[in-house]
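Chemist: Attaching a single structure in structure tokens format; questions to follow.
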């Protein structure tokens with residue numbers, strides 16, 4: 001079994017086990033299976049500490065001692081279920097009553113002594129299948145694109161705005177543009193919009209969101225629903241389950257969601273990067289930007305973001321200045337998905353007017369191409385009037 005687990009599922013396990021003998025015996029077998037290192041806690045921990053520990057170590061599985069203190073352990077099983085972390089309950093003996101109680105609280109597996117590699121491997125296979133089925137179910141519905149900067153100032157917000165409008169222009173009737181940067185979000189400024197609500201309110205109400213409440217959260221703008229960031233920078237307080245609920249709600253409501261998110265160095269941006277279908281990583285061909293993007297990619301990979309869904313966008317690309325496309329691909333070990341040419345005048349004019357960049361400009365055409373590649377759709381050719389063409393020909397005579 002590979003370090004990535006059965007069927008390509010990545011396991012980063014947490015072991016909560018006050019029973020030292022039980023912990024030692026499980027760890028010994030786990031090490032023989034060439035698995036990733038286990039994060040260990042020799043005591044039961046409260047829910048808030050549990051959430052921080054899981055987020056900080058990108059935990060994807062918990063081995064939990066349920067025999068030392070059954071009441072505390074069963075409470076943790078329920079808490080882990082809410083955090084969407086599968087639980088493999090541990091005990092020294094086969095206890096049918098305890099097994100039933102664990103399953104009722106949400107445990108996915110039950111392991112008891114003597115532990116063996118075959119026993120644990122079979123449990124991991126079953127967990128992998130459940131995880132893949134749950135992921136497929138959660139991702140049914142619309143497609144979610146996240147735009148993340150490889151380096152500050154790369155232009156991901158400008159691209160996000162224009163990409164959303166270009167997708168909407170491809171006869172995609174339900175498109176969401178969301179500014180999910182709680183500190184430096186600027187979509188409201190760029191589009192000259194204002195609202196009493198922001199994504200912070202959406203996050204706080206994710207468990208009870210309905211169509212009526214949602215309509216009050218978003219601001220319509222030229223056929224696109226726009227969710228803004230808070231006007232005053234905010235410190236986010238949320239449960240990981242709230243983020244999943246929020247994104248899944250958008251999947252059910254929109255054909256395409258375009259999310260402008262912060263970098264991966266905080267749990268907020270990282271959780272969104274993991275939930276999206278395609279992560280558009282934006283950089284430029286300047287050397288410092290490419291160097292910073294190397295660090296961003298390394299962080300994403302280290303924290304378990306699937307590299308196969310990362311699409312590299314090189315913004316303000318100028319073949320006469322900066323690194324070549326080949327040099328960027330070599331440095332980042334990633335193919336360039338789309339070049340967006342340097343077109344300062346067109347971008348600035350659109351920003352001043354609070355409008356999208358016209359598709360007739362160089363950069364506008366490239367963003368339109370990006371929208372077509374991402375959605376698999378093409379814009380309908382313009383229809384020309386027979387009389388219009390006739391009169392046009394006559395004027396040339």
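The values are calculated or read from the model by the stated rules, or taken from the named source; none is laboratory data. Keep in mind that this is a model prediction, so the values were computed, not measured. Note that each Cβ is placed from the backbone with ideal geometry, even for glycine, and that neighbours are counted across all protein chains shown.
Chemist: Scan the stretch 27-40 residue by residue and report those that are touching a strand residue (DSSP E or B) at 6+ places or on another chain (Cβ under 6 Å) and either surrounded by 18 or more Cβ atoms within 10 Å (Cβ to Cβ) or more than 18 Å from residue 76 (Cα to Cα) (or both). Steps first, please.
Modeler: Filtering the stretch 27-40 down to residues touching a strand residue (DSSP E or B) at 6+ places or on another chain (Cβ under 6 Å) leaves 38-40.
Result: 38, single match.
Chemist: Please determine whether any residue of the stretch 214-225 is surrounded by 17 or more Cβ atoms within 10 Å (Cβ to Cβ), assigned to a strand (DSSP E or B) and touching a residue at least 60 places away in the same chain (Cβ under 8 Å).
Modeler: For the stretch 214-225, residues surrounded by 17 or more Cβ atoms within 10 Å (Cβ to Cβ), assigned to a strand (DSSP E or B) and touching a residue at least 60 places away in the same chain (Cβ under 8 Å): present.
Chemist: Residues 326, 301: which one is more than 27 Å from residue 12 (Cα to Cα) and without any contact (Cβ under 8 Å) to a residue 12 or more places away in the chain?
Modeler: It is 326.
Chemist: Then there is this: Could you tell me which numbered condition residue 335 fails, if it satisfies all but one of (1) crowded, with 17+ Cβ neighbours inside 10 Å; (2) touching a strand residue (DSSP E or B) at 6+ places or on another chain (Cβ under 9 Å); (3) within 15 Å of residue 314 (Cα to Cα)?
Modeler: Of the numbered conditions (1) crowded, with 17+ Cβ neighbours inside 10 Å; (2) touching a strand residue (DSSP E or B) at 6+ places or on another chain (Cβ under 9 Å); (3) within 15 Å of residue 314 (Cα to Cα), the odd one out for residue 335 is (1).
Chemist: Give me the residue from the stretch 42-54 that is closer than 21 Å to residue 267 by Cα and surrounded by fewer than 19 Cβ atoms within 10 Å (Cβ to Cβ) and, out of that set, modelled with the highest pLDDT.
Modeler: 45
Chemist: Then there's this: From the list 245, 229, which one is assigned by TED's automatic domain parsing to the domain that holds residue 170, under 19 Å from residue 267 (Cβ atoms) and not in a helix (DSSP H, G or I)?
Modeler: 229
Yes/no per residue for (1) assigned to a strand (DSSP E or B); (2) touching a helix residue (DSSP H, G or I) at 6+ places or on another chain (Cβ under 7 Å); (3) at pLDDT below 95:
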| residue | (1), (2), (3) |
| --- | --- |
| 56 | no, no, yes |
| 75 | no, no, yes |
| 79 | no, yes, yes |
| 100 | no, no, yes |
| 126 | no, no, yes |
| 134 | no, no, yes |
| 145 | yes, yes, no |
| 148 | yes, yes, no |
| 151 | no, yes, yes |
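Chemist: Right, residue 183: part of a loop (DSSP other than H, G, I, E, B), surrounded by fewer than 20 Cβ atoms within 10 Å (Cβ to Cβ), within 20 Å of the chain's Cα centre (by Cα) and at pLDDT 90 or above or not?
Modeler: yes
Chemist: Inspect all residues belonging to the stretch 193-202 and state whether any of them is more than 25 Å from residue 159 (Cβ to Cβ), surrounded by 13 or more Cβ atoms within 10 Å (Cβ to Cβ) and modelled with pLDDT under 95.
Modeler: yes
Chemist: Just one of (1) in contact with a helix residue (DSSP H, G or I) (Cβ under 9 Å, 6 or more places away or on another chain); (2) farther than 26 Å from residue 192 by Cα trips up residue 330, so point out which.
Modeler: Residue 330 satisfies every listed condition except (1).
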